[in-house]
Amino acid sequence: MSAQDRSKTKKRVAFSRFSELFLYEQDRKALLNMAYTAADLQNACVEASLETRRITDLIDSAHPDESPADSLRLLIKEKTVLIEELIGIETYIFGQALTVHRIRRMHERIVLQEQRQQQMRNLEDPARLGLLSENLSRVSVQSARARAAMAHMK
């Protein structure tokens, strides 16, 4: 089967014989609250920006003779900033959001390029794609471990 023929076939989901389906009843109110509105997303972005600004200002002013990471550790130790306040905005506080986004896009591009090359050669090697993805993810894993260590620091 050629790559072109494969792309025309319908995609299917295969379930094992042990798969189970659970159906949950949802009332109208629950269905209306399942997704965020544009206004909700806008408010969340504004709140995250304000919180990021507040914490970066604290880091900059609290201990000017220390590095930003050391200042943050001291602010956490002094309970001026709580760990819970950092979750979700830590990359923005340290200015790494764009870098993280670029790394993810590069990772995605490389894996998709390999997949296209396999399709052009009429190959299907998910193990190779997985290995490629795993090798590319090492930096992300190290970064996640550092964030986890920081979260457990008290």
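The values are calculated or read from the model by the stated rules, or taken from the named source; none is laboratory data. In this text, all values refer to a predicted model and were calculated from it rather than measured experimentally. Neighbour counts run over all protein chains shown; Cβ positions are idealised from the backbone, glycine included. Only protein heavy atoms, including side chains, enter the accessible area calculation; ligands, DNA and RNA are left aside. Shrake-Rupley method; radii C 1.70, N 1.55, O 1.52, S 1.80 Å.
Per the Debye formula on identical point scatterers at the alpha carbon atoms of the stretch 29-141, with no solvent, log10 I(q)/I(0) at q = 0.12, 0.14 Å⁻¹ is -0.70, -0.82.
Just to confirm a number: summing +1 for Lys and Arg and -1 for Asp and Glu over residues other than ALA127 whose beta-carbon lies under 15 angstrom from that of ALA127, what do you get? After counting each charged neighbour, the total is -3.
Using R0 = 41 Å, the C-beta based FRET efficiency linking GLN26 and ILE103 works out to 0.65.
When ILE103, ILE59 are compared by accessible surface with a 1.4 Å probe, the order from highest to lowest is ILE103, ILE59.
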